[in-house]
Structure formats: structure tokens, C-alpha cells
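Below is one structure, written out as C-alpha cells, with a few remarks after it.
The values are calculated or read from the model by the stated rules, or taken from the named source; none is laboratory data. Here the structure is a predicted model, which is why all the values come from computation and not from measurement. When we count neighbours, we look across all protein chains shown, and the Cβ atoms used for this are built from the backbone with ideal geometry, even at glycine.
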Amino acid sequence: MLLLVSYVAKNEVRMTNSWEFPKREMDHIVSAMSKPTAERFELVQKMARKSGAYGIVEEDRVVPGKVESLFSGGQDVVSRRLLLSALGRTRAIWATPDQPTEYTMNLAICRLRESDQEEWIPVEEMKDWIRSELFIDAQPLKWVQVDVDRVRLALETPILLGLVEGAYRGKKLMAVRLTQIGERVLIESPEEKSGASETFFVLPNFELTAFTSEMDYYKLYRLMLFSEPIKTDVVSTFKITDKSIFQATEVGLRESDILEFLKEESSKPVPRNVERSIKDWTSQTTFATVSEIHLFETETERELEDLLLLNDFKKYVVRQVGPTAVIVEGDMEELDDTLAKHKCNVRLFGKEAALEPPSPGTTIAEQVLLFGDHSVTDVPDDCLGCPAIQSCNRIVRRKALVKKGGAR
């Protein structure tokens with residue numbers, strides 16, 4: 001998911017008329033995934049959209065959402081947030097063939113909470129167990145279509161989040177079991193990691209080796225803003241290039257931001273040749289702002305003098321009004337594209353994309369997503385701490401059994 005969000009932060013991505021990611025953009029993102037398939041990308045982008053990791057603004061442009069709020073913390077903390085967003089907050093059950101997936105995942109989590117890291121649960125057994133638990137108002141819900149394919153589809157989300165490990169026969173998922181992360185998220189309470197741990201280190205060939213499972217995910221996102229992904233997995237590989245540094249400056253990062261981050265977060269000292277190259281690449285970039293009155297300003301006098309030597313730039317200049325300022329006219333977006341070819345990053349004032357204002361109730365929903373909901377107290381002891389507590393109908397059955405004195 002971080003691959004998707006960091007890519008839309010560094011590149012201008014617009015949805016197609018059918019509100020899908022363009023195939024060219026999708027191929028760029030998929031190429032670095034641990035499982036590079038269109039199906040995996042579809043699952044990732046749906047989860048990212050539902051959790052608010054990205055948003056869609058004017059002209060169908062895709063922009064990052066509240067990345068820091070969603071991804072701050074280690075893998076278990078972030079996985080729990082994403083799982084809560086995927087589970088939903090309703091106990092309604094749908095009878096249409098395409099709708100029971102979330103409900104199936106709720107009951108799958110309930111079954112996983114009764115297991116441990118040693119127990120492999122066959123998908124066929126999981127299906128039978130879920131069907132035996134379909135219950136509301138003392139009536140079995142045999143009309144809810146839960147088959148093996150539905151169970152496999154529901155288990156894709158916890159597998160993607162690293163909560164369960166899958167055993168496959170060819171491409172078919174045959175069984176699952178809890179991982180260490182899954183046990184902490186589904187059964188125990190995720191805890192913030194304390195103490196130093198391996199994060200990443202930079203090699204003289206400009207490659208970064210990152211221990212993604214050990215890193216704070218928001219710091220991993222910041223690392224991905226100024227590097228290009230080569231391979232992502234438990235141990236991921238990224239590479240710093242002149243292109244990735246220029247893209248980082250377009251996002252708003254400066255030389256000091258990049259170097260300070262590397263020095264503070266890297267497990268090993270940053271090679272001197274890498275540091276020199278980053279300084280050289282950022283020094284070649286001119287940072288400028290075009291205001292609403294088309295006043296063009298550079299950060300230093302020397303930068304403006306260098307730009308005035310370019311015929312591509314001089315044709316936009318009306319007159320110079322200061323050591324670092326000129327008045328320009330014409331198509332500002334065309335000017336931006338022209339100067340980008342000369343490694344000049346132009347920021348068009350007032351053109352920053354903004355997400356739509358939150359709808360009523362969003363603040364409450366965000367608090368539940370980030371910190372969990374502790375308002376429900378009238379649940380059986382076996383259900384306490386379950387992330388699916390807001391959307392699982394099995395609570396109804398357990399309450400009924402408690403009243404009859406036969407609770408499990």
C-alpha cells in the first residue's frame with residue numbers, strides 16, 4: 001500500500017473515465033510488489049481507498065490522504081488500523097452473491113482467534129465452521145452464500161496484512177495459520193516497539209536495504225519519497241537516483257530534509273559518495289514560486305541569473321523587479337513544464353490539491369479507525385479484544401447462550 005501512496009505523491013496520476021487506475025501507472029506500481037499481479041493491486045487499491053490512504057480531487061487526480069495518521073507505528077499497529085477499516089462497522093448481512101465477503105472475514109477472524117501459530121486451518125474446514133456459525137434470531141442463515149472461493153477471497157486481506165500465512169497448491173489457497181503479527185493483532189493488544197532496531201542502511205552503489213517489518217511505516221513512506229523501489233518484501237530494496245531526488249524536491253523535500261533523515265534513521269553511516277551526490281543533485285535544482293500576480297521568484301540571485309540565460313525562460317519574462325524576482329506572463333503550466341526540463345522545480349501558488357472536506361461523523365470514524373472502539377461492553381468474555389466486535393453477528397448467538405446458561 002505504501003508503494004501506491006508514495007507513487008501518487010511523486011507522480012501526477014488521474015483516474016480513467018471508469019474510475020480505474022491507468023494501466024501504465026498500475027504496471028509501474030505492480031512491478032515492485034512482492035506479488036506482482038493485477039489481482040493483488042486491485043485488493044491493495046481498494047483497501048487503500050477504503051482506509052483513506054488516498055483521495056480523489058478535482059479532475060479525477062489521485063492524491064495521498066492522511067498518511068501520517070494511518071501509517072505511524074510498527075507493522076502490528078498499522079495492520080490493526082487497516083483491518084478495522086476493512087471489517088466495516090455494521091452487523092448487517094447481505095444476501096446478494098457479491099456482498100458476504102466482509103461478513104465471511106469477520107467469522108474467519110473469530111475462528112483464527114481460537115487458534116495459535118502452530119495450527120493450520122484448512123480452507124474447507126474454515127468454510128464449514130463459518131457456515132455453522134451463520135445465525136440470527138435463532139434461524140440458520142443458509143441463504144448466505146459462503147463457499148470455498150468466498151472464504152479464499154475473504155482471507156486475502158489478512159494475508160496481505162501479514163496476519164496469517166497461507167499454504168498453497170499451485171495458485172489455490174489450501175490452509176492458513178496465524179503469524180506472530182497476527183497473534184498480536186487478533187488476540188493480544190498491539191504494542192509500540194521500544195528500543196533500537198535494524199531499520200535500513202545505504203550502500204555505496206546508492207541502494208538501500210530496508211527491514212520493512214522492523215520500521216515505523218510512516219518513516220518507510222518518507223524513505224520511499226526520495227528513492228525508487230526495486231523489490232519489496234520483509235527485506236526490501238530501494239535505490240536513490242537523480243530522478244528520485246528531483247521527484248522528492250517536487251514533493252517539497254530539500255537537501256537538509258533528505259540528508260538529516262538518512263543520518264538519523266539509518267542503522268549504519270551514510271557513504272560519503274552518496275551524500276555528495278545528493279548535495280550535487282539538489283544543488284542543480286532551482287526552487288521557485290509563481291504567485292497569483294505572476295511574480296516569479298528564485299531563492300538566490302545566482303539562480304535567477306542562470307535562468308535568464310535560457311531562451312525558454314526569457315520569452316515569459318516581462319521585466320525584472322528585484323535581485324531574485326521577475327514578472328512573467330503566459331501559460332503558467334506550460335512554463336512549469338518547460339523549466340522542469342532544466343531541473344527547475346516551479347510551485348504554482350494556489351494550485352495545491354486538497355481532499356474534500358470530511359463529512360459529518362468522519363472525526364468519530366477516524367478515532368475508531370486509529371484507536372479502536374471501546375464503547376461496547378455487553379459482549380461475552382470470549383469476544384473481548386476482537387477487532388471484529390462491531391460487525392460480527394456471532395455475538396448475538398453468544399449472548400443468547402449466556403442467557404440460557406450455556407455460554408462457551
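Before moving on, here are some points about what is shown:
- Selection from the stretch 237-265 of residues that are surrounded by fewer than 20 Cβ atoms within 10 Å (Cβ to Cβ), touching a Ser or Thr at 6+ places or on another chain (Cβ under 7 Å) and of a type in the set (Val, Ile, Thr): 237
- The set of residues from the stretch 284-306 being of a type in the set (A, V, I, L, M) and at pLDDT below 90 comprises 288, 290, 293, 295.
- Residue match in the stretch 229-236 (condition: surrounded by fewer than 19 Cβ atoms within 10 Å (Cβ to Cβ), more than 14 Å from residue 200 (Cβ to Cβ), of a type outside the set (Lys, Arg) and at pLDDT below 90): no
- Applying a threshold of 7 Å to beta carbon distances and a minimum spacing of six or more residues, or different chains, the list of pairs starting in the stretch 52-76 at a residue that is at positive phi and assigned to a helix (DSSP H, G or I) and ending at one that is at pLDDT 85 or above and aliphatic (A, V, I, L, M) reads 60/15.
- Which listed residue is closer than 23 Å to residue 235 by Cα, modelled with pLDDT under 85 and of a type outside the set (A, V, I, L, M, F, W, C), from 36, 100: 36
- In the stretch 20-32, residue modelled with the highest pLDDT [restricted to those that are among the acidic types (Asp, Glu) and loosely packed, with under 15 Cβ neighbours inside 10 Å]: 27
- The set of residues in the stretch 20-51 being under 14 Å from the mean Cα position of the chain (by Cα) and not in a helix (DSSP H, G or I) consists of 33 alone.
- Remark: pairs (first residue in the stretch 108-130, closer than 14 Å to residue 179 by Cα; second residue among the hydroxyl-bearing types (Ser, Thr, Tyr); Cβ separation under 9 Å; 6+ apart in sequence or on different chains) = 117/179; 121/115.
Residues checked against (1) touching a strand residue (DSSP E or B) at 6+ places or on another chain (Cβ under 9 Å); (2) surrounded by fewer than 19 Cβ atoms within 10 Å (Cβ to Cβ):
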site: 5; (1), (2): yes, no
site: 9; (1), (2): yes, no
site: 13; (1), (2): yes, no
site: 18; (1), (2): no, yes
site: 34; (1), (2): yes, yes
site: 37; (1), (2): no, yes
site: 41; (1), (2): no, no
site: 44; (1), (2): no, no
